[in-house]
Each structure stands twice: as C-alpha cells, then as structure tokens.
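Working notes, beginning with the structure itself.
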Amino acid sequence: MSISNEIQKYRQEIKSERMDMSFGEIINMYRDKEIIISPEYQRAFRWDQQRQSDFIESILLGIPFPSIFVATNTDGKWELIDGLQRVSTILAFFNELKDEKGKSYPKNGLKLLEGSLIKGLKDITIDTLPLEYKLQIKRTPCRVEIILKESEFKMRYELFKRLNTGGEGLSRQEIRNCIFRGLDSRYTDFIAQLSCNKVFREIVNISKSNEEMMYYEELVLRYLVLKNKGTRYNQANIQDYMDDYLENQCRYFDKDQVESDKNLFKEIMEVLNKLKEQNIFKLEKRYFSTSMYDAIMLSLSENSVDLQQIDINKLGKQIVKLKGSKEFNKYVGSASSNPTSITNKVKIAKQILLGITE
C-alpha cells in the first residue's frame, strides 16, 4: 500500500467536528450526565491545589488554554478523552464533581492559593468569589474537539494514546482501562482482581504514584500476555503487544482461560509468599525488576511444574543464583523488554530455577 493510500485510509477512519462551548454549558452537560468522565479516568485527576489555582487564575486573566477532546458514544453522550485536569478543576471549583456512586468528589470545595499575579485569590472559594467573576468563568469559551461515533474503535484508542502524552497524562495502562473496558469490562475486571492479591502487592511493593497509574494492573497484564501469547512478538514494543492482547481478550472473552489463569496466579502467589522476605524481584539497585518478574513468574507457570511439590528453600537459593548469572544479566538493561531479551532471560531462568531445558 502506498503512503498516500495509507494516509487516506486512516484519515477516513476519523470522523470529527469542533465547537466552542462555555464552561457553564459543560457544567450543565456534566450535571445532566451528557458528558461522561468514567471512574477509571476520573481517578487520574492529579492536579494539586496549586495547579488547580493556577488554572482558575489563567481563566480570570483571559489566558488561552488548549482544546478538550471528547468521543461520542452510541447513545450520543460525550466521553472525555483529553482535558481531564482542566474540566475536573472547573467542576471541583463549582462543587459539581461526583464519584462513581454520585456522591460529592473529595476534591470539591477547592480553596484557591495565592496566584502568581493575583495575590488576592488566597483562600477564595466558589462561595466567596464575587458573582462577576463566577459568571466570567462560566462564560469562558472552551474549544471542544468531538470524535464522532462513526470513527473506528482503534482510531479512538490511538487518539486517546497520543493526546495523553505529557503533563498529567494517563499512563498506558490507564488508557487501556478507559478504552478497552468499553468493549467488555469482564477481562479488565479480572486483571484488577488479580492485581489486588495481597501477596502480589506485598512482593511487588511499588510507590503510591505508580499504584495510582495502575502499574499493578499493568504487571498482571504483562504476565498474562507473555504467558498466554508467548515472549516473541511482532509489534513495535511490548506495550503495543499488551494493547493488542487486551483488546482481543475484551472482544472474545474466554471464561475457561480466565478461570485457569486465576487459579494458577493464586498458586504462584502461595509459593512466592514463602519467599517474600527475600526481595525476589529486586535486581542490583532496582528494587523491582521486570526482568526478575518475567523470569520467575513465567518459569513457575510452566505446565511441567508441580507448584505443590516445589522445594521452597532450593527455589530461594536458585533465585539468588539467577540474579548473579552473567548470562542472565547480559539481557538486562535498556532493551530488556524486546522479544529476544525476554525469551532468552526466561529460558535461562527456567534452567537455573527449575532445571528445565528446551
């Protein structure tokens, strides 16, 4: 296919239009549930009090700000794609932001901090802001880019991914969770269930910020795709590989496979629980290493392994040996998630940990 044909093909898959709306109209649409901020997306409202105050100050000063992007659902409602921090700030300032149960959101009742230019903003709330300026905020126009429902699903995902690339953008896993659960939420719910396993969280033990960006869920998905689809892939990178896998699982939910994976994951965690004091996923200065994670998880998922009969003390010693293996560490580094590196690391791990040779 020529480059011209490729460009035309994908241009035709995106149907869009634009309009200018006031923030007051956006507030009313949100109140009437005509614009949706899904709970999974809403959890990524990360602007602190200072960032929110700065945005309100910018509006009052008439400083331009970027467009927001929405996608039209089959019922004609809009789903927010980009602009979460800005829209949520306005909603929170006007005490309109709701959680998934329809209750007032914790960040409502924003009390402004002193502005970099307007010092008098300090401690101002929606109740103490003069009416003139409340109305100014409500009447401020906002450019809305609308992705129509006729657009291809995959193009919606591409837009979501590309628009959320900087500042307080969503992580790749948060984007997956927002978009793909629209196909069928059962598989994303399954991933969330596994990610809440107590032993798993204790062993991985990531930072609060990474937890908010759904890194526990991303690690579960990484394990499932490498286990079920293999360590060799043709996509540009492992993130794209995970995208394709999750989309397929949401489109073609396999209840039996899910049940099997759930039981195996639980059994592996029961084994690793006995080693959790040894920081088994730590490698050199990295407290958590995906190389160790892939190696141990995929080795223990081998069909020939009887998890009930594993010698825990021996496994612990072999994990230490694996960490010190020059051959293993040769594939650890900046390219550690390419298919060749993952395949070789897992092969070496199976041999050292369990004596499995291919």
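Can you give the % of DSSP beta bridges in the chain that are antiparallel, to the nearest 5?
Expressed as a percentage, antiparallel bridges in the chain total about 70.
Quote to one decimal, in nm, the extra length available between I356 and N5 on full extension: 0.36 nm per residue of separation minus the C-alpha distance between them.
This chain segment gains 121.5 nm when fully extended.
Please sort by residue number the chymotrypsin sites (Phe, Trp or Tyr not before Pro) in segment 239-284 whose DSSP state is loop and whose Cβ has at most 15 other Cβ atoms within 10 Å.
Y252, F253
Per the helix-only calculation at 222 nm, which mean residue ellipticity applies to the chain, given -39500 (n - 2.57) for every DSSP H run of n ≥ 4 and division by its residues, nearest 500 deg cm²/dmol?
-15500 deg cm²/dmol
What spacing in nm lies between the two simple spin-label points modelled at Q235 and E259, each 7 Å away from Cα in the Cβ direction?
My value for the distance between the label points is 2.8 nm.
Between D75 and N95, how high is the FRET efficiency from 1/(1 + (r/R0)^6) when r is the Cβ-Cβ distance and R₀ = 35 Å? Nearest 0.05.
Plugging the Cβ-Cβ distance into 1/(1 + (r/R0)^6) gives 0.85.
Keeping all protein chains in the complex and leaving out DNA, RNA and ligands, what accessible area do you get for W78 with a 1.4 Å probe, in Å² to the nearest 10?
30
Expressed as a rounded percentage, what relative contact order does segment 55-125 have, with Cα pairs under 8 Å and six or more residues apart?
For segment 55-125, the relative contact order is 20 percent.
With the calculation restricted to Cα positions, what are the radius of gyration and Dmax of segment 1-109 in angstrom?
In order Rg, Dmax, the Cα atoms of segment 1-109 give 16.5, 55 Å.
Order the following by accessible area, largest value first: T357, T140, T128. Probe radius 1.4 Å; ligands, DNA and RNA are ignored.
T357, T128, T140
All other residues with a Cβ under 14 Å from the Cβ of L61 taken together, and with Lys, Arg as +1 and Asp, Glu as -1, what is their net charge?
Net local charge, L61 excluded: -1.
By how many degrees, 0 to 90 and rounded to 10, does the Cα axis of helix 185-195 deviate from the longest principal axis of the chain?
For helix 185-195, the angle is close to 60 degrees.
What FRET efficiency do you get for L61 and M29 if R0 is 25 Å and r is their Cβ-Cβ distance, rounded to the nearest 0.05?
The value I calculate is 0.50.
Ignoring ligands, DNA and RNA, please state the percent of accessible area on segment 41-180 from carbon and sulfur, probe 1.4 Å.
51
Report, in whole Å, the centroid distance computed from the Cα atoms of segment 216-238 and segment 105-145.
If you average the Cα positions of each part, the centres end up 44 Å apart.
For K119, which aspartates and glutamates qualify as cross-link partners when the Cα separation must be under 19 Å and same-chain residues fewer than eight apart are set aside?
Here the aspartates and glutamates satisfying the reach criterion relative to K119 are D48, D54, E57, D127, E132.
Quote the relative contact order of segment 227-304 in percent (integer), defining contacts as alpha-carbon pairs under 8 Å separated by 6+ residues.
Answer for segment 227-304 is 24 percent.
Of the listed pairs K103/K134; K274/K317; K282/K345; K161/K198; K321/K345, which have alpha-carbon separations greater than 19 Å here?
K103/K134; K161/K198
Using 0.36 nm times the number of residues separating R186 and I118, minus their current alpha carbon distance, what extension gain do you get?
Length difference between fully extended and current span is 19.6 nm.
Between (i) 25, 46, 26, 2; (ii) 28, 55, 17, 0; (iii) 25, 44, 22, 8, 1, which entry matches P(r) over Cα pairs in 20 Å bins from 0, in percent as derived from the coordinates of this structure?
The value matching this structure is (i).
Once the piece of chain linking K330 and Y287 is laid out straight, how much longer is it, given 0.36 nm per residue of separation minus the C-alpha distance between them?
13.6 nm
Can you give me the distance in nm between label points at E17 and E132, each placed 7 Å from the Cα along the Cα-to-Cβ direction?
Reported label-point gap for E17 and E132 is 3.8 nm.
Which residues' amide hydrogens lie under 5 Å from the amide hydrogen of S16, considering only partners 5 or more residues apart or on another chain, with H built in the peptide plane?
Long-range HN contacts for S16: L148.
Once phi is turned into θ = phi - 60°, what whole-Hz ³J(HN,Hα) does the Karplus curve with 6.51, -1.76 and 1.60 give for every residue of segment 216-222, x standing for Gly and Pro?
4, 5, 5, 5, 5, 4, 4
Got the relative contact order for the chain handy, in percent, Cα pairs under 8 Å and 6 or more residues apart?
With pairs under 8 Å counted, the relative contact order is 16 percent.
Just to be sure I understand: with springs between alpha-carbon atoms less than 10 Å apart, which residue in K101, K282, K198 has the highest mean-square fluctuation in the Gaussian network model of the chain?
Its mean-square fluctuation being the largest, the pick is K101.
If you take the beta carbon distance between N303 and K208 as r and set R0 to 35 Å, what does 1/(1 + (r/R0)^6) give as a FRET efficiency, to the nearest 0.05?
0.40
Rounding to the nearest 10 and keeping the result within 0 to 90°, find how far the Cα-based axis of helix 238-251 lies from the longest principal axis of the chain.
Compared with the principal axis, the helix lies near 80 degrees.
Can you give me the accessible area per residue for segment 167-320, using a 1.4 Å probe, in Å²?
Accessible area per residue, segment 167-320: 48 Å².
Given 4 °C and 1.567 mPa s, how large is the Stokes-Einstein diffusion coefficient of segment 168-322 in µm²/s, with Rh as the Kirkwood radius over Cα pairs?
The Stokes-Einstein estimate is 79 µm²/s.
Helix 255-272: angle to the longest alpha-carbon principal axis of the chain, degrees 0 to 90, nearest 10?
Between helix and principal axis, roughly 70 degrees.
The values are calculated or read from the model by the stated rules, or taken from the named source; none is laboratory data. Given the structure is predicted, the values throughout are model-derived calculations rather than measurements. Methodologically, a virtual Cβ is constructed for each residue, glycine included, from the backbone with ideal geometry; neighbour enumeration extends over all protein chains shown. When the accessible area is computed, the model is the full protein with side chains, heavy atoms only, and any ligands, DNA or RNA have been set aside. Shrake-Rupley method; radii C 1.70, N 1.55, O 1.52, S 1.80 Å.
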